[in-house]
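The values are calculated or read from the model by the stated rules, or taken from the named source; none is laboratory data. These numbers come from a predicted model, not from an experiment. Ideal geometry is used to build each Cβ from the backbone, glycine not excepted, and the neighbour counts take in all protein chains shown.
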Amino acid sequence: MRLEQYSLTGGLTPEQIGLMKRRAIELVERVGLAVPHDGILGLLRQHDGVKVEGQMVKFRPELVEKALREARYPLPEYYGKEWVISAGAHQPKMHDLDTGALRHTTLKDLRELIKIGDALNTVGSAPCVPLDVPIHLQEIQMHKVAWENSRRRANDMFEHDPKPNARIAEYIYEMAQVSGRWFSLGLYMVSPRSFDPPELEIIYRFRDLGVPMWAGTMPISGVNAPILEKAGILQAMFETLACLTMLNTINRKGYNYIQVIDSFIVHPFDMKYSTFVYGSAEDARGTVDKLAIHKELGLPLVAKSLLTGAKQVDAQSAHEVGVYTMMAALAGCRTFRCAGLLSSGELYSAEKLVVDHEIVQYIRRTLEPEEFSGETLLAEEIAAIKPGESFLEHPSTFKFYKSHYWDPPLFTHSNLGQWQEMGSKSLYRLANERAKKLLKEHSYQIEPEKKRELDRIFAVAQKDQELARSREVAV
Amino acid sequence: MKLADYGLQGGLNPEQIRAMHEKAMWLIETSGIQVPHEGVRKLLAGHDGVRVDKDMVRFQPEVVLEALKAASYDVPEYARTGWVMSAGAHQTNCYGLDSGKLRLPTTGDLIDFLKLGDALDTVGSAPVIPMDVPVHLQHILMHKLSYEHTRYRCNDIYEHMDKPSYECAMYVREMAQAAGKRFAFGIWMISPKSFDERNLEVAYRLRGLGIPMWVATMPQAGVTAPITILGTVLQSMFEIFAGLAVLRLMNPKGNNYISPADAFEANTFDMKYTTFVYGSVEYIQHSLHQIALCRHYGIPLIVKSLLTSAKEPDAHAAAEMGIHTFIAALAGARAFRCGGLLSTGEVYSGEWVVILHEMIEYIKQVLKSEAFSEERLMIQDIVDVGPGGTYVDKRSTYELFRKEYWTPRLFEHSNVGQWIELGSKSIRRQAQELARKLIAGHQYSIGAEVKRELDRIYERAQRDPALEKSLKLQI
């Protein structure tokens, strides 16, 4: 018999979530959202249950429910079988692997960080932006390098790599097709209740290609959403459901879904520093609410629990990541986002990625249920032992000392003297050494014929003047 | 309406606890414990339900159940209503607050760490041993300085200060009486199934004074106890129940109880490094069993969750402590032990105490109660603020942004640019600065009259050859 698995109790109840959902759907119908794109407005006007007044669009509740019913979440094969770490959100700065200095990221960094991430089985978006590459080629490179050097990166619904305009999206789409990788388009709303017109343009142009599209939003507490967390979540629900309904109305050849990584959260904001505050106590609570809503709506569970406000790989970063991830894990989540990120996503650190990986393994082991039986209670052995004797030579000790105990690669159990004898290495240095070792030993590469195809498409993109101009305009 | 508070489900259930209880009683009745003290054995031999066979003593279950029933726990008022951090277990190394270097602690360090702990409302035993003081005076001075500089230290059921000889115990008792502080005596069992003879001798000589006495044990998995956590917990149950029965019969004038600080203790042991491993995955599993058992037997909860095997106040330390304390808090614990300790208790760090205090505040915020209502969903605000609008100037934002969001003292929410402008201070440096500030600003000192009385007793101890001899014998 195993002990009962530990799990979290408390938080939002199904009734409370039901109430929030009803209020969100009422807002979709009564208040609506602005759609600043004539083409899309024209498409929406043709549908029953859609009310268009100027740029404002309102949907009948039946359409919202239909969109929820028709949403599809094609999960990667590994989801549900293992604990998953997503490790990147295209950061522009990083701690240099050799010097530790803070600097802008390059194409070489992108390649190296993807390899380290792949060695740790991570998923998600590209870890950094190659700032030494012309701006119109950066996102294309991020996808290309991810696909060339990793198995899972930028390859499922846990990624959210940007496609800043339709031209760039077309190149990435072509690359995805030749390399057999995942391609989707995301539509982030601009809270409160609107969109960025260039993003709508991409959606409009791809609507007949059968591409999966997802709906996301980023309400910020006290800025573009109400100050109270549940109210912010309500706004996120309202906006997300409206956005999903719109996508479901116009993108009929592809399936549509709610972006799982950041849905139904309100982004915490610090009024003193005017900063996002990921990793805070309020952020952790908000994520547990998000997970409860996901369960009610049947969405996959993902938590942005590996993100922190800390600037270094230190006690703050590990505490925030540890507590937040444990809470999410107890709520049933097994996919965790933003490994390697520091300062609420401003920086990337390979050392933090390695430490985050260790923390997730620590939590995974902690929550493995123990066996409760005569074999683990060992009462007969206790009865047989005499004062002054030892269990060291007992068969059960030999049998279980490895299987019952985790031997952590980083959080080693040496004593002070042993640690000093081994060079008094800081955790940061140990993590740095591990990252370099993983990089050196990484071997995965995409098949050569696919690589050649990707190179060919990229060479075309490099010479594409229209592509170069498209990004200049956007800047 | 309120959201249900967060809690933890799973782990040992009542039926499994009952099974362990029965096994423990069976071991006490059939296997018994060694009592290596003739005087104590004679005291026990005259009681019903006790069987003495050479130096082994066995008890009928009724004797143990009576001892469990009679035990009472004088939980201080502050522990009934608030969160408690115990921050010391008389360490013999420390990180200097000025240099950050590892060294032996002095009387000056002891005073500084006591003041720092008091400024943060910590409780428990003295943080360090003053290694610049003769051995026979160290424990007396640790009590004296704790009484002089703190309100809570060495003054409740959470302390476990040694009194290594009868003479030492009597000096400490005299000081406690003069200062109006709590005095108790503890006996540690020696696993498997025995006691320290000298420890028993002190208890034996104190038995007529009506002194509260507690019992604890420290079985080590795979060494002095079975290799499994559950087996080691079972041995711990058996030993402390038997030890409590010994105390109950030997010390009838005093209250006898199980030390909450180490109730059902099961130490994990690393076979590779041959070290104790506090803070490990398996130790957390033990803590959760401990909580379930303490709750079952009505023993106050205090969890050794602030201890880590990390050598520095770093990400390793914070991950272990944060995860351990958080899950223990979810399980209902509000008192946490071993603040400031690193390397499984080999080292004390003032800055670590400061960081831990912040971590506990963070966990309190994660677990705080929250109201849920339609009003808090702020639907009208969502309706009122349209596309392009902001909530920054809303009255609700102004009124609630401080109340609803925690402003941390160390885990700052600045961005990288702000952090660099503020001096790029590491969390450890900030904690050192805060520690020095708290020590400099510490106000509490015991009344002058009491201080004079403590000085008088201490001077007498300094000149007492019997005291010196009582401890020399043990070295």
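Summary of values
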{"item": "Of all residues making up region A:380-401, the number that are in a loop (DSSP other than H, G, I, E, B) and within 8 Å of another protein chain (Cβ to nearest Cβ)", "result": "10"}
{"item": "Any hit, region B:134-155, residues being part of a helix (DSSP H, G or I) and without any contact (Cβ under 8 Å) to a residue 24 or more places away in the chain", "result": "yes"}
{"item": "Search result, residues across region A:349-374 that are more than 7 Å from chain B (Cβ to nearest Cβ) and more than 30 Å from A:H90 (Cβ to Cβ)", "result": "A:L367, A:E368, A:P369, A:E371, A:S373, A:G374"}
{"item": "Failed item, numbered, when A:V64 is tested on (1) more than 14 Å from every other protein chain (Cβ to nearest Cβ); (2) part of a helix (DSSP H, G or I); (3) without any contact (Cβ under 8 Å) to a residue 12 or more places away in the chain", "result": "(3)"}
{"item": "So A:L377, is it aliphatic (A, V, I, L, M) and either more than 7 Å from chain B (Cβ to nearest Cβ) or touching an Asp or Glu at 6+ places or on another chain (Cβ under 7 Å) (or both)", "result": "no"}
{"item": "Which numbered condition A:G88 fails, given (1) at pLDDT 95 or above; (2) under 20 Å from A:A350 (Cβ atoms); (3) more than 14 Å from chain B (Cβ to nearest Cβ)", "result": "(1)"}
{"item": "Options B:E433, B:E358; residue that is crowded, with 19+ Cβ neighbours inside 10 Å and closer than 22 Å to B:D112 by Cβ", "result": "B:E358"}
{"item": "Check on B:E404, of a type in the set (D, E) and either touching a residue at least 24 places away in the same chain (Cβ under 8 Å) or surrounded by fewer than 21 Cβ atoms within 10 Å (Cβ to Cβ) (or both)", "result": "yes"}
{"item": "Lone qualifier among A:L75, A:L43 - being in contact (Cβ under 8 Å) with a residue 40 or more places away in the chain, not in a helix (DSSP H, G or I) and not hydroxyl-bearing (S, T, Y)", "result": "A:L75"}
{"item": "Close pairs (6 angstrom Cβ cut-off, 6 or more residues apart or separate chains): within 14 Å of chain B (Cβ to nearest Cβ) in region A:421-449, in a loop (DSSP other than H, G, I, E, B) and not hydrophobic (A, V, I, L, M, F, W, C) anywhere", "result": "A:L427/B:D314"}
{"item": "Any hit, region B:310-327, residues being farther than 19 Å from A:S317 by Cα and modelled with pLDDT of 95 or more", "result": "no"}
{"item": "Condition check for A:L241: hydrophobic (A, V, I, L, M, F, W, C), under 22 Å from A:I40 (Cα atoms), away from every other protein chain (no Cβ under 14 Å) and within 23 Å of the chain's Cα centre (by Cα)", "result": "no"}
{"item": "Top-ranked residue of region B:35-53 - restricted to ones that are surrounded by fewer than 19 Cβ atoms within 10 Å (Cβ to Cβ) and part of a strand (DSSP E or B), ranked as nearest to the other protein chains (Cβ to nearest Cβ)", "result": "B:D53"}
{"item": "Residues of region A:214-231 that turn out to be crowded, with 24+ Cβ neighbours inside 10 Å and in a strand (DSSP E or B), as a count", "result": "4"}
{"item": "Among the candidates A:E441, A:E393, A:E389, A:E466, residue that is loosely packed, with under 14 Cβ neighbours inside 10 Å and under 28 Å from A:I172 (Cα atoms)", "result": "A:E466"}
{"item": "Residue list for region A:5-25, filter: touching a residue at least 12 places away in the same chain (Cβ under 8 Å), assigned to a strand (DSSP E or B) and surrounded by fewer than 16 Cβ atoms within 10 Å (Cβ to Cβ)", "result": "A:Q5, A:S7"}
